[in-house]
Number of protein chains: 2
Amino acid sequence: MKRNFIKVWFVNWIVLLTACLISYTQTYAQKSDTQAIRSKVRDYRLQNEITILNELVDLLAIPNVVSDTENIQKNVNHLVAMLEKRGIQSQVLQAEGSPPVVFGELKAPGANKTIVVYMHYDGQPVNPENWASKPWQPSLRDKLEGKEIPLTDLKSPVDGEWRIFARSASDDKSPIVAMLAAIDALQAAKIPLSVNLKFFLEGEEEAGSRHLSAILNKYANLLKADVWLFCDGPVHQTRNMQVSFGARGVTGVRVTTYGPVRALHSGHYGNWAPNPIVLLTHLLASMRDTDGKILIEGFYEDVRPLTETERQAIAGSPNIDADLKHELGLAWSEGGGKRLEELIMQPALNVRNIQSGGAVARNAIQTEATSVIGFRLVPNQTLKRVRELVEAHIRDQGFYIVHDSPDIEIRRQHAKIVRLQWGDGYPSISTSIELPVSKALLQVVAETVGESFVKLPILGGSLPLSTFDEVLHTPVVIVPMVNHDNNQHAENENLRIQNLWDGIEVYASILARLGQVWK
Amino acid sequence: MKRNFIKVWFVNWIVLLTACLISYTQTYAQKSDTQAIRSKVRDYRLQNEITILNELVDLLAIPNVVSDTENIQKNVNHLVAMLEKRGIQSQVLQAEGSPPVVFGELKAPGANKTIVVYMHYDGQPVNPENWASKPWQPSLRDKLEGKEIPLTDLKSPVDGEWRIFARSASDDKSPIVAMLAAIDALQAAKIPLSVNLKFFLEGEEEAGSRHLSAILNKYANLLKADVWLFCDGPVHQTRNMQVSFGARGVTGVRVTTYGPVRALHSGHYGNWAPNPIVLLTHLLASMRDTDGKILIEGFYEDVRPLTETERQAIAGSPNIDADLKHELGLAWSEGGGKRLEELIMQPALNVRNIQSGGAVARNAIQTEATSVIGFRLVPNQTLKRVRELVEAHIRDQGFYIVHDSPDIEIRRQHAKIVRLQWGDGYPSISTSIELPVSKALLQVVAETVGESFVKLPILGGSLPLSTFDEVLHTPVVIVPMVNHDNNQHAENENLRIQNLWDGIEVYASILARLGQVWK
């Protein structure tokens, strides 16, 4: 009995040790595979830094506001040429009235999974007077607000802390260049792709992706895939890589209040004629407190509580509030002391601008005042319900709502009139962290950069992900690469060059390894 | 006894009737004197309409924002020439750093009273893009928003409803032209002036009359007079003439709130990073309700109650609220239904402009938001006390007040920072309606236009009257002439030509008659 027991015990141990050894060897082998790939990709980059940066600079030099159709077409031609140079079969996808999507396809022999990489080539409009250099004349500086370095002085190795300033330097042209450089590096090292690859380069993301649904429907077959990989948004504020599985939704409304039909002298009519700025400030103040809490009745009702896995992911990410506040010159943050990662899982109301009376403050009572409010939405909130709640709240404040410009007759009939112009938008979406593709992606990124990267259920920023879910029923994951302090959407948008180098390595790992570890 | 009684009774009646007859004859004679003068002045005007209008157009064509020193000097040269053409001895008054005041003097043989007529030749800054025609290229239209009539097509008699559009067409260049045309008309009719006349044409009224006090002090002897006659501001909204005996005071403050030191993506930081627009809207909303009531503690404490005479003057003026609301496209007015004339006797808080985020509403959290608030003050309120009350209120809202731009260290130390930049200003002042000069002026105006004109204790608009009281201890009265719907301080400022014709007649009456009836 005793000998049998010892024998079983011994055999068990042998089996266990062997299993451990095999497992360790496999993990090590995988990790070292990925590290070997990374090393070759880095070598390629070090030998081609100036070529890669020049490709980015050339792309950034093409203005890319969606309303500027002539330049949008130049972007398209340029992107098609960039794809075809790599032997990526390309075509332009378009629905009626839409800006073009640039599509590309690169098959991997033997691969049985297909990923679509998503980037957008359009950018936010600019107020050039606020920029230190021209938005579409890429310029190089040694840091944020640093001294300019002539682009002609570029020599390899380029300091990773230097930055390229231009509209869309970060959002979202540099991921396109990074992905193509990753392909170049793998081809140079003769490392095959592990997945079939499709490119989907959108042209109206910054204008609300109005035609996206029509394009996805029209080209549903062409766009068939096992996962969409979104290369948009910044990495974590600690400069650590970040993988996330969804994003907040977004919608917005332009709110206009009215005073007299012509501007009046504030002395002769002040405290008799209604002041549209006062009406607007009271209305905005009623919608949100200074601490970020939305005061619109019912606004939080549809919000889905976080799952336990999501909670753990947030708790496990580094807390950067103190550093961020120092960097941003803030003695406080909204949300009553809750940390950033927790707060961006909540819906938000952001007053994006406010305008009345021009920059020269004349002694006049203005005829109207305008503000654009942006909403960030979280899973389970719908656009329809949000609009209903907002309009009900505004009515409760005593306003009469119109959607067109009110003529003088309407203004004579209704005391407090507000015009609401709703923009397009889309809801939030999140992919389960438990899916095989989610796990495979987390493994490849861990093998590439170590375990210190950040995993988040949803990004604070918005991406038109819901449309992919609704139309194509394909899961989406997000692997951003640009620096967090990139002034995205604002003046002096920039890319920290080290983020480009890191992005190339991570994207190359994913292309080479994802198909191998995806069970 | 009875016969004596009858005799006394009879004599009394005779005396009384005789007195009445003399009084009636005098009044009639005075009135008919004034009417005879008016008739001659009108004849002169009818024969010289084009000359008068051309003189106005030439003056309006010279840009007149105080910061534009080159053009300010052109105005000065032009005005000096206009005065000297009439034999009015002129000189330029200047204190250190001040724009020039154009001074002129015309003595009336035998007159024992001296009046100074005040106008200003500078104008409010412009946003030319909002104007239908160029601000300093006077243009003629047949009504507000009417069709343009080439100035070269002008033929006498000119339709009084036509309007001249230009910066300062109303505020305040046309009274200068009207006063000089009145002098021309009297000279042509050989009617002597009844008062010694001085001109004081200021050049920085629209910039807060910063150097006025220094100039008045420096030239106190030269400016000695029995009354200052202010020719600024509009007539009553009924188009009736208006005489008033003071004006609201004015001060203003630029309020700036702060967010992060650089603009942030509203998705990645929305409801964590403080939003400066939200801070500003809450602050402004805390200072004043939508009905015009100022919510700053103690703000109404110093306000002097109206006297009985003042109350009667207001009650006796025509109620124009309903017509005004119709004209202005308003279904309501502030002040809980109180009439305009009553409300402008109260202090007012007017939000003059608000700015953040530019006209293009990007998806960003802004770095700062700014608003200029104007205060209109009434008798007994002091600038010092108003500033103290406003700053105390803002501190009570949890703000840390700075007066310069806060650097990043200050921003790291204080949660809610507000920058306050106080503009110059002056308190309100009112002259007693019981003074001999007040009574004489009311009599001359009544003789000229009948009893239907409006008498108001103070104007809603502001004039730097307190300085005259403080430095020169001379009473001030206000006799405006321009139309109420003149878009003063705003785009498309204009003068209704009939107001120019009426102004010439009233000013001529005052020059010819005031010294005669002033006891």
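The values are calculated or read from the model by the stated rules, or taken from the named source; none is laboratory data. Computed from a predicted structure; not experimentally measured. Virtual Cβ from ideal backbone geometry, glycine too; neighbours counted across all protein chains shown. Calculation scope for accessible area: heavy atoms of the full protein, side chains included, ligands and nucleic acids excluded. Shrake-Rupley method; radii C 1.70, N 1.55, O 1.52, S 1.80 Å.
Couple of notes before you dig in:
- In this structure, the amide hydrogen of B:G246, modeled 1.01 Å from its nitrogen in the peptide plane, lies closer than 5 angstrom to those of B:T431, B:L459, B:I478, counting only residues at least 5 positions away or on a different chain.
- Segment B:235-247 - phi-based ³J(HN,Hα) in whole Hz, Karplus 6.51/-1.76/1.60, Gly and Pro as x: 6, 5, 5, 7, 6, 6, 4, 8, 10, 9, 10, x, 7
- Per residue, the accessible area of segment A:175-301 comes to 25 Å² when a 1.4 Å probe rolls over the protein heavy atoms.
- Extension reserve of the A:A61-A:Q30 stretch, reckoned as 0.36 nm per residue once the Cα distance is removed: 7.1 nm
- Normalising the average separation of contacting C-alpha pairs (under 8 angstrom, six or more residues apart) by the number of residues puts the relative contact order of chain B at 25 percent.
- Segment B:328-336 - phi-based ³J(HN,Hα) in whole Hz, Karplus 6.51/-1.76/1.60, Gly and Pro as x: 9, x, 10, 8, 7, 9, 6, x, x
- Just the protein heavy atoms count here, and of the accessible area of the protein assembly as shown at 1.4 Å, carbon and sulfur take up 52 percent.
- Within straight-line reach of A:K455, meaning a Cα separation under 18 Å, sit the following aspartates and glutamates at least 8 residues removed in sequence or on another chain: A:D232, A:E308, A:E310, A:D321, A:E341, A:E342, A:E434, A:E447, A:D502.
- Note: segment B:451-519, Cα convex hull, 137 Å³ per residue.
- Ignoring aspartates and glutamates fewer than eight residues from B:K74 along the same chain, the ones with Cα atoms less than 16 angstrom from its Cα are B:E55, B:D58, B:E84, B:D122, B:E202, B:E204.
- Given +1 at the Cβ of Lys and Arg, -1 at the Cβ of Asp and Glu and no other charges, the dipole of segment B:447-519 around its Cα centre is 260 debye to the nearest 20.
- Here the alpha carbons of chain B define both size measures, Rg and Dmax, at 26.1, 108 Å.
- Counted by Cβ distance under 13 Å from B:K134, the other residues give a net charge of -3, where Lys and Arg count +1 and Asp and Glu count -1.
- Amide proton proximity set for A:Q381, modelled H, under 5 Å, gap of 5+: A:R304, A:S428
- The largest-to-smallest principal axis extents of the Cα set in segment A:156-232 are 45, 34, 13 Å.
- Beta bridge orientation in chain A: antiparallel %, DSSP, nearest 5: 65 percent
- Sites A:S156 and A:R385 - FRET efficiency at Förster radius 60 Å, r taken between beta-carbons, to 0.05: 0.65
- Across B:K143/B:K325; A:K143/A:K293; B:K173/B:K519; A:K85/A:K198; B:K224/B:K384; A:K113/A:K439, pairs whose alpha-carbon gap is larger than 24 Å: A:K143/A:K293; B:K173/B:K519; B:K224/B:K384
- Probing with 1.4 Å while keeping every protein chain in the model, the per residue accessible area of segment A:398-492 equals 34 Å².
- Over segment A:277-376, the alpha carbon radius of gyration divided by the compact-protein estimate 2.2 N^0.38 Å works out to 1.40.
- Estimated buried accessible area (total), pair B and A, 1.4 Å, Å² to nearest 100: 8600 Å²
- Inter-copy separations for A:L295, label at 7 Å along Cα-Cβ, nm, ascending: 0.8
- Tail weight of P(r) past 18 Å, computed on alpha-carbon pairs of segment A:421-468, percent: 47 percent
- The protein assembly as shown: projected area of the alpha-carbon convex hull, averaged over directions, in nm²: 57.6 nm²
- Drop in accessible area of at least 50 Å² in the complex versus isolated chain, residues of segment B:344-369, 1.4 Å probe: B:N350, B:V351, B:R352, B:N353, B:I354, B:Q355, B:V360, B:A361, B:R362, B:N363
- q = 0.19, 0.23 Å⁻¹: log10 I(q)/I(0) that the Debye formula gives for segment B:341-456, counting C-alpha atoms only: -1.16, -1.36
- Computed over segment A:250-293, Cα set: Rg, Dmax in Å: 13.8, 43
- Shown here are the Rg and Dmax of the Cα trace of segment A:15-174, at 20.8, 71 Å.
- One quarter of the convex hull surface built on the alpha carbon atoms of segment A:48-140 amounts to 8.1 nm², the projected area averaged over directions.
- Most to least packed among B:37-50, A:462-475 [average Cβ atoms within 10 Å]: A:462-475, B:37-50
- Average Cα contact separation per residue, segment B:376-509, under 8 Å, 6 or more apart, as relative contact order %: 21 percent
- For segment A:1-157, averaging the sequence separation of C-alpha pairs within contact (under 8 Å, six or more residues apart) and dividing by the residue count gives a relative contact order of 20 percent.
- Over chain B: helical MRE at 222 nm, DSSP H runs n ≥ 4 each giving -39500 (n - 2.57), nearest 500: -12500 deg cm²/dmol
- A:R419 accessible area, assembled protein chains, probe 1.4 Å, Å²: 50 Å²
- The average projected area of segment B:408-503, computed from the convex hull of its Cα atoms over all directions, is 11.1 nm².
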